[in-house]
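See below for the structure under consideration.
Where a number appears in this text, it was derived from the coordinates with a stated rule and is not lab data. Quick caveat: nothing in here was measured; it's all calculated off a predicted structure. When we count neighbours, we look across all protein chains shown, and the Cβ atoms used for this are built from the backbone with ideal geometry, even at glycine.
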């Protein structure tokens, strides 16, 4: 079973790595981290790097396609024609096409979510309407062969659901035990609909700071590449 995970600069690593830890346990699983161009991929924080060994030319089909989200980099990706074309191409071959967090907005930009119930991170979820999708605040949503997950950690729940759909409850349960996924958070503030308004406001301010930091990081990377070209 071929599992293609799109990776790009500025992505939120857990969006990809959480589901990866689950899906890699499927029978005969082959996982491919695929980028537009081969090479180093940096996270939204700038602290974690992945090495993309495969590019769009290498990956022409997959059983599962997973699109992770990001703090703000998804805006650039969802406007990249080559990436959107590749997603549409791979989608024609998949058993499941999936997203985590704001990755659903990248998927929506392809036109594949028109008329479908879809979820995303609580902050940008309303933007899905602009692409004809129907925003639903759920942990994950399954429509046809499209499965979208809410923010970041919800990707693990979605991945366990996929294992259940593909290989059955027993394997899904055993993988859940294998990764000891037994959430018992200190606070009950992880659900937008049940969270206090002041906590939501604080989280929004943090998102704004993260977005600004990411933009500064991208600017620094771009300037560095420009300087290297001039030398």
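Can you give me the relative contact order of the chain as a percent, contacts being Cα pairs under 8 Å and 6 or more apart? Can you show the working numbers first?
Numbers: 434 pairs, mean separation 40.7, N = 231.
18 percent.
Sorting 48, 152, 22 on the 10 Å Cβ count, fewest up front, what's the list?
Numbers: 48 14, 152 19, 22 24.
With the fewest neighbours first, 48, 152, 22 line up as 48, 152, 22.
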Checklist entry - Anyone know which of 59, 158, 11 comes out most mobile in the 10 Å Cα GNM of the chain? => result 59
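If I stretch the segment between residue 193 and residue 208 completely, what's the gain in nm (0.36 nm per residue apart, minus their alpha carbon distance), one decimal?
3.4 nm
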Next on the checklist: Test of understanding: ordering 49, 121, 142 by Cβ neighbours within 10 Å, fewest first, what list do you get?
Outcome noted: 49, 142, 121
Checklist entry - Ranking 122, 86 by Cβ neighbours within 10 Å, fewest first, what do you get? => result 122, 86
Checklist entry - What residue among 80, 157, 44 shows peak mean-square fluctuation when the chain is described by a Gaussian network model with Cα springs under 10 Å? => result 80
Next on the checklist: Sorting check: for 162-171, 67-76, 196-205, which peptide has the highest mean count of neighbouring beta carbons within 10 Å, and how do the rest follow?
Outcome noted: 67-76, 162-171, 196-205
